[in-house]
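Participant: What follows is a structure written as structure tokens; I'll ask about it next.
The values are calculated or read from the model by the stated rules, or taken from the named source; none is laboratory data. The model shown is predicted, which means the values in this text are computed figures rather than measured ones. For neighbour counting, all protein chains shown are included, and Cβ atoms are generated from backbone atoms with ideal geometry for every residue, glycine included.
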Amino acid sequence: MEKRTDSHKWVERIIVIILFIGLGLLITTVFSPWRPILPEQYGTPGRIYDYLGRIGLIVTLAIALVLIKRMRNPENYSQLMLGFLIMAGAVTLDWICAHYLIYYLHTEETAPIGWAMKKLNECFVIVGAVILFTRLSGQTFGSIYIQKGNIKQGLLIGSILFIAAAAGSVPMANLMFNAKDLALARIQPWIPWILIYVLANAAMEEILFRGLFLRKLQPFLGKFFSNFLIAFVFTFLHGTVNYAADQFIFAVIVFPLALLWGYLMQKTEGVWGSILFHAGMDIPIMLGIFSNL
């Protein structure tokens, strides 16, 4: 009986891993809010297919959630499916609202302020949707790590790592992100927009990936392997970026960083330290991008 139980657990874990990778990549690559595949490949008809696909995916996930809730002992599975439903809804709203703030403020995406405003808009939409849908589903903010937790420890560690990353951002931007002419006089006007961008991006990604799924995967995989799986998918999604000098080296660096962000979130029981650490590591990326505008 014990061997069957162990065998059942391993089958369950494998199914959860495949489900997470499959649905996670479907939502964040095929129906990505950043670079959706269908519009890029098929133009205007692709945009129509994209919207129909998003609607179909959200409806399918909602039906799956209802069916799962009718199962015996559905709690863990329903929480995981709820996470996918929330993610799909959030990225779809972001895709619809992506350019609103830029249009309203009459800014250009080719300027640092345009980059910052677009990311701020994206953060408001995605984080707002995750929080709203989480509450509407009856879950607490703590289920997505938006809670006080050990806030002193989180802010202290996050701040130290943010400052350390910022201090080394210029040489890192030159080495890893093809930065050009990073003189202090040139960087100073960018500082407000860089800070807005990196904090908004870090908050969005930490809540959308780790905050939304760390607790939901834990009953199946435990703390370490939940963090590992999310870090793996997160790194894969960053494997095709066009701002890194070497995509392979960039991925090799991103994976342990993603593990550390997840560990910090689990350790401090809050998202705050992870956001600050993540934001600091994004500074050299933005220096590289802004220097090439």
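Participant: Out of the range 26-63, which residues are exposed (fewer than 13 other Cβ atoms within 10 Å of the Cβ) and of a type in the set (D, E, K, R)?
Facilitator: Within the range 26-63, 35, 40 qualify.
Participant: crowded, with 21+ Cβ neighbours inside 10 Å, of a type in the set (S, T, N, Q), modelled with pLDDT under 95 and touching a Leu at 6+ places or on another chain (Cβ under 9 Å) - does that describe any residue in the range 118-125?
Facilitator: Scanning the range 118-125 turns up at least one residue that is crowded, with 21+ Cβ neighbours inside 10 Å, of a type in the set (S, T, N, Q), modelled with pLDDT under 95 and touching a Leu at 6+ places or on another chain (Cβ under 9 Å).
Participant: May I pose another question? Among 151, 157, which is out of contact with any Lys or Arg (no Cβ under 6 Å at 6 or more places or on another chain), surrounded by fewer than 17 Cβ atoms within 10 Å (Cβ to Cβ) and not charged (D, E, K, R)? Can you show your working first?
Facilitator: Working: 157 fails: surrounded by fewer than 17 Cβ atoms within 10 Å (Cβ to Cβ).
From the options 151, 157, the qualifying one is 151.
Participant: Looking only at the range 38-54, how many residues end up being touching a residue at least 12 places away in the same chain (Cβ under 8 Å) and among the β-branched types (Val, Ile, Thr)? Before the answer, list the steps.
Facilitator: Filtering the range 38-54 down to residues touching a residue at least 12 places away in the same chain (Cβ under 8 Å) leaves 38, 50, 53-54.
Okay, now just the ones that are also among the β-branched types (Val, Ile, Thr), so none.
So the count comes out to 0.
Participant: Looking at 231, 258, 245, 251, which is the one that is surrounded by fewer than 18 Cβ atoms within 10 Å (Cβ to Cβ) and in contact (Cβ under 8 Å) with a residue 24 or more places away in the chain?
Facilitator: Numbers: 231 fails: surrounded by fewer than 18 Cβ atoms within 10 Å (Cβ to Cβ); 258 fails: surrounded by fewer than 18 Cβ atoms within 10 Å (Cβ to Cβ); 251 fails: in contact (Cβ under 8 Å) with a residue 24 or more places away in the chain.
Every option except 245 fails the conditions.
Participant: Name, by its number, the condition in (1) part of a helix (DSSP H, G or I); (2) closer than 18 Å to residue 238 by Cβ that does not hold for residue 19.
Facilitator: Condition not satisfied by residue 19: (2).
Here's the yes/no breakdown for (1) within 22 Å of residue 245 (Cα to Cα); (2) charged (D, E, K, R):
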{"position": "171", "(1), (2)": "yes, no"}
{"position": "182", "(1), (2)": "yes, no"}
{"position": "185", "(1), (2)": "no, no"}
{"position": "194", "(1), (2)": "yes, no"}
{"position": "208", "(1), (2)": "no, no"}
{"position": "217", "(1), (2)": "no, no"}
{"position": "223", "(1), (2)": "no, yes"}
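Participant: Considering only residues that are farther than 11 Å from residue 264 by Cα and in a loop (DSSP other than H, G, I, E, B), which ones fall in the range 146-157?
Facilitator: Within the range 146-157, 146, 147, 148, 149 qualify.
Participant: Does any residue of the range 265-273 turn out to be within 13 Å of the chain's Cα centre (by Cα) and buried (at least 19 other Cβ atoms within 10 Å of the Cβ)? Outline the logic, then answer.
Facilitator: Here is the first cut: in the range 265-273, the residues within 13 Å of the chain's Cα centre (by Cα) are 271.
Then keep just the ones that are buried (at least 19 other Cβ atoms within 10 Å of the Cβ); that gives 271.
Yes, the range 265-273 contains at least one residue that is within 13 Å of the chain's Cα centre (by Cα) and buried (at least 19 other Cβ atoms within 10 Å of the Cβ).
Participant: Look through 241, 233 and report the one residue that is farther than 20 Å from residue 80 by Cβ and either of a type in the set (Val, Ile, Thr) or not in a helix (DSSP H, G or I) (or both).
Facilitator: Numbers: 233 fails: farther than 20 Å from residue 80 by Cβ.
The unique qualifying residue is 241.
Participant: Here's another thing I want to ask about it. If you take the residues of the range 126-148 that are touching a Leu at 6+ places or on another chain (Cβ under 7 Å) and hydrophobic (A, V, I, L, M, F, W, C), which of them is surrounded by the most Cβ atoms within 10 Å (Cβ to Cβ)?
Facilitator: Within the range 126-148, the match that is surrounded by the most Cβ atoms within 10 Å (Cβ to Cβ) is 144.
Participant: I need the full set of residues from the range 174-223 which are within 13 Å of residue 265 (Cβ to Cβ) and surrounded by fewer than 16 Cβ atoms within 10 Å (Cβ to Cβ), in order please.
Facilitator: Listed by number, the list holds a single entry, 223.
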